[in-house]
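**Q** Below are the structure tokens for one structure; questions will follow.
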Amino acid sequence: MVEAALELMEAGGEAGFTLRKLGVRVGCDPMSILYHFKSKEGLYRAMAGRLESQLRIAPGSLPWRGRMRHLADQYRSVALRFPKSFWLMQHFVYTGPADYDHMEMVHGALREAGIPARDVPSICLGWYACITGLAMGEVGGLIGPASLQDMEELAELPDHSHPLLKGAMPLYQDMAPNAVFALSIEMLLDGIVAQAAQA
């Protein structure tokens, strides 16, 4: 049922997702779905848990930065495979057993990096918000090359306004989402190193 729900979400997005349509797809009454998952929110959590189970644990032999980078890449991969359902992974702090394995790895990596135990929960949640936000930005269209319309609108502005942005616009045209993601992850990891040094 959860797989069918994800297929339905991918076909029509959140706006096209209803329990009635899911019931038709799986051949049962929508009330049976509610009974099984307790609520639509319960179904969404199960869907997020299924997406979470797509993530592969990084090899323990990798250094902490490698394990964190691996996890970030896994989230991006799931977002690209499930662009209309991925928002569910931002909707819940915990999605169940598959989620806990990754959080355990993040806690271990942060401690290995030198982050004090008292700061790990805040940095852990910030890390997840950043990597899922980057992935959402890419599948949602925020992170990508500037459009022709963007370029034309900027070109119409007076030459003296926004000179730095106008000068950088050719670089926005050549924007590669994977490069933005990789650079942003390295900046986050560098920030963890800097935070650990201050502890």
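**Q** Among the residues of the range 124-156, what is the count of those that are over 29 Å from Met105 (Cα atoms) and either in contact with a Lys or Arg (Cβ under 7 Å, 6 or more places away or on another chain) or part of a helix (DSSP H, G or I) (or both)?
**A** 8
**Q** How many of the residues in the range 73-93 are assigned to a helix (DSSP H, G or I) and of a type outside the set (Ser, Thr, Tyr)?
**A** Going through the range 73-93 one residue at a time, the tally reaches 11.
**Q** Specify which of the listed residues (Ala79, Ala117, Ala135) is farther than 18 Å from Leu51 by Cα and modelled with pLDDT of 95 or more.
**A** Result of the check over Ala79, Ala117, Ala135: Ala117.
**Q** Also: Quick check on Asp101: is it of a type outside the set (Lys, Arg) and under 23 Å from Glu186 (Cα atoms)?
**A** yes
**Q** Which members of the range 13-45 meet the condition of being assigned to a helix (DSSP H, G or I), in contact (Cβ under 8 Å) with a residue 40 or more places away in the chain and out of contact with any Phe, Trp or Tyr (no Cβ under 6 Å at 6 or more places or on another chain)?
**A** Glu14, Tyr44
**Q** Next up: For the range 93-114: of the residues being among the hydrophobic types (A, V, I, L, M, F, W, C) and at pLDDT below 85, which is surrounded by the fewest Cβ atoms within 10 Å (Cβ to Cβ)?
**A** Val93
**Q** Here's another thing I want to ask about it. Which residue out of Leu55, Leu6 is under 17 Å from the mean Cα position of the chain (by Cα), closer than 30 Å to Ala196 by Cα and in contact (Cβ under 8 Å) with a residue 12 or more places away in the chain?
**A** The conditions single out Leu55.
**Q** Identify, please: which residue in the range 141-159 is open to solvent by less than 70 Å² (accessible area, probe 1.4 Å) and touching a residue at least 24 places away in the same chain (Cβ under 8 Å) and is, among those, nearest to the chain's Cα centre (by Cα)?
**A** Ile143
**Q** Within the set of pairs 6 or more residues apart or between chains, which connect a residue that is within 20 Å of Glu138 (Cβ to Cβ) and open to solvent by 60 Å² or more (accessible area, probe 1.4 Å) inside the range 163-192 to a residue that is assigned to a helix (DSSP H, G or I) and modelled with pLDDT of 95 or more with Cβ atoms less than 9 Å apart?
**A** Asn178/Arg76; Asn178/Glu138
The values are calculated or read from the model by the stated rules, or taken from the named source; none is laboratory data. Given the structure is predicted, the values throughout are model-derived calculations rather than measurements. Positions of Cβ are generated from backbone atoms using ideal geometry, with glycine treated the same way; all protein chains shown enter the neighbour counts. Keep in mind that these areas ignore ligands, DNA and RNA; they rest on the heavy atoms of the full protein, side chains included. Shrake-Rupley method; radii C 1.70, N 1.55, O 1.52, S 1.80 Å.
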